[in-house]
1. Just to check I understand the Karplus step: with θ = phi - 60° and J = 6.51 cos²θ - 1.76 cosθ + 1.60, what whole-Hz values come out for the stretch B:31-38, glycine and proline as x?
2. Determine ³J(HN,Hα), in whole Hz, for all residues of the stretch B:113-129 in sequence, where each value follows from phi through the Karplus function 6.51 cos²θ - 1.76 cosθ + 1.60 and θ = phi - 60°; x replaces Gly and Pro.
3. For residue B:392, which sequence-distant residues (separation of 5 or more, or a different chain) have an amide H within less than 5 Å of its own amide H, given hydrogens modelled in the peptide plane?
4. List the aspartates and glutamates whose Cα sits under 16 Å from the Cα of residue B:421, skipping any in the same chain fewer than 8 residues away.
5. Below 20 Å, Cα to Cα, which aspartates and glutamates can residue B:10 reach? Residues fewer than 8 away in the same chain don't count.
6. When Cβ neighbours within 10 Å are restricted to other protein chains, what is their mean count per residue of peptide B:377-389?
7. Can you figure out the FRET efficiency of residue A:100 with residue B:195, using R₀ = 41 Å and their beta-carbon distance, to the nearest 0.05?
8. Check which residues have an amide H placed less than 5 Å from residue A:143's amide H, if you skip close sequence neighbours.
Amino acid sequence: MARKEGDLNPNRRNKARAESSGRPGASVNMDELRELIALLRENGLAEFELERADFRVRLRRESSPAQSNYSADAPAVVPTPTPPPVDVVSTAKPATPTAHHPGAQAETAASEDSDLHLISSPIVGTFYRSPSPTADPFVKIGSNVEPETVVCIIEAMKLMNEIQAEATGEIVKIYVENGQPVEYGQPLFGIRS
Amino acid sequence: MAFNPRKFKKILIANRGEIACRIIWTCKEMGIKTVAVHSDVDRDSLHVRFADEAACIGPAPSAQSYLNIPAIISAAEIFNVDAIHPGYGFLAESAQFAEICEACNIKFIGPSASVIRLMGDKIEARRAMNEAGLPVLPGSSEAISSEEEGLKLAREIGYPVIVKASAGGGGRGMRIVRTEQELGQALKTASTEAAAAFKDGSVYIERYVEQPRHIEIQVLGDEYGECIHLGERECSIQRRHQKLMEEAPSPVLTKELRQRMGDAAVSACKKLGYSSSGTVEFLLDASGEFYFMEMNTRIQVEHPVTEMVTLADIVRNQIRIAEGEPLGYTQDDLLIVGHAIECRINAENPETFAPSPGVITAFNLPGGPGVRVDTFVYSGYRVSPFYDSLIAKVIVHARTRDLAIARMKRALEAMVIEGIKTTIPLHLKIMDDPRFRAGDISTNFMEYFLARNGRKSAVEEGVGAGAKARA
């Protein structure tokens, strides 16, 4: 899965940290930085630059939809989630029967979290939170993840597939339960960058 | 005979579109639960809505969804299904998929993997069926190495013959030869053309069938060695090896010829130990000689015309056979009543055949006596460009062929699909064609029809003579 253009370029953040730690009296800390980021998001700001005597930081936010997770294997075809609504002349469209999808409820929940980056399942299988039944979960709410952090296992045909976060941030939502069947594209975790 | 019946509680349908719906309808009648697997763009497809359970297994490209064996098996395990019905196309004739199902203890609704593999190799299939007693088109199985060899072979085969490129297709590197005097020159020019087109100038010789008809025999076999045929379908109306419409019975088959062809097909299938639904394809020449072309080890698109005239439910029989039930019919039980015609409605421009995906804005299905429509689209449905263009099959059944043609005309006129282009107007024109109405058709029909109706002839489009179709 490709990395979404992030709210914050980690290189910039690290650079800011490196610059600040290298100079005596430099005054930036992670809490301040997080607050700035939150300020950006809450006020819908696209870009923010702060300059003080000893440092300067610029944050730029790309507004991308939370649902765009591309399979690394897929070519440039974009999976279209829903067709646009259409005014229909006759009402032959079947109304009620709808098959039971594993993903139905989770998707409704995830669709409300449009500001989070979603980790979606790249395959159909069974979701497990820990490497083994007795072990601790890979991540919990509040865990910080990097792109290569393993967040869960999806089992398919007796093969345990480790799923990586492919994003940086903090786990704030978990949409599925341990042992639950999941389908391709189903939201698993919500990450706040 | 030890029967080993195991009733299915749940079947996963490894397919999409109209055949997925078709399978669901019979499963509902049998009280069997269904699981639909689909790509993300097929989320709103009818088969997904009417299945009991569903799972998205991948993105739109077939290789990552409907051909994705691990994803399909994974879904089958999650939903704990008893069997998988592969439909037609996709994995229906994948011996590997059949084997994997077996290894995972999921019943593959179809014949054994070994028979699938054998019939999938067209040269081996010809050899095996020939050994099993079916006539095959006389011809050389290897490339011709000299003009002398060619002449000798052609004398054995009998004129007219056709010289064909070994590496070729699409009408190139082919020459029809009617007399011995023409053979030498034909071998040279065909070879030169083949070398230019396919970088391989080797050619072989086959009997040339003038105005061949594509006649296929539907068979059903159980897992205990019983096998019967359900009569024939005529599928001569094709464009570029794609069937456009089919009918049962064939307007030219006599009772005697039907019996000969049917018995030959059944006898060969019994020798192979064939089980489940299958179709043996033949080429029929003007003198009533028939030759084995290939066998399709699956249910076919055009199965409804057989169902209409025999009152059989082929999907139901496939499921019963897979459950381990004995066939329960003998050949004497076969009844062929009336005449059925099927038109394949594609989302294409009816004159240029260019694909026409898009949203269906108005939709009306014909009804009334003797009309059946197998479809998966509805008003508001978005026809996607990722899969083949078949969106509906209109099938009619009536007491005679003339009545069936009249019925098809009025059914097509009442079929409304707006928002996209469809081939309905083309089929209406065919219904009015005098040769079609007379039953005077062969695999060259569309070439004649398109030329007559002002379109580029099929030969210019590269369709070879004596070609047979892919279902």
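1. Each residue of the stretch B:31-38 in turn: x, 9, 6, 10, 10, 9, 10, 8 Hz.
2. With the stated coefficients, the stretch B:113-129 comes to 4, 5, 6, 4, 5, 4, 6, x, 8, 5, 6, 5, 4, 4, 5, 5, 5 Hz.
3. Result for residue B:392 returns B:345.
4. B:348, B:351, B:388, B:413
5. Output for residue B:10: A:183, B:18, B:29, B:52, B:53, B:77, B:82, B:99, B:102, B:313, B:323, B:325.
6. Other-chain Cβ atoms within 10 Å of each residue's Cβ, averaged: 3.
7. Efficiency for this residue pair is about 0.10.
8. It is A:171, by chain and number.
A short reminder: the numbers here are calculations on the coordinates, not readings from a lab. Source: prediction; values computed, not measured. In this analysis, Cβ positions are derived from the backbone assuming ideal geometry, glycine residues included, and neighbour counts consider all displayed protein chains.
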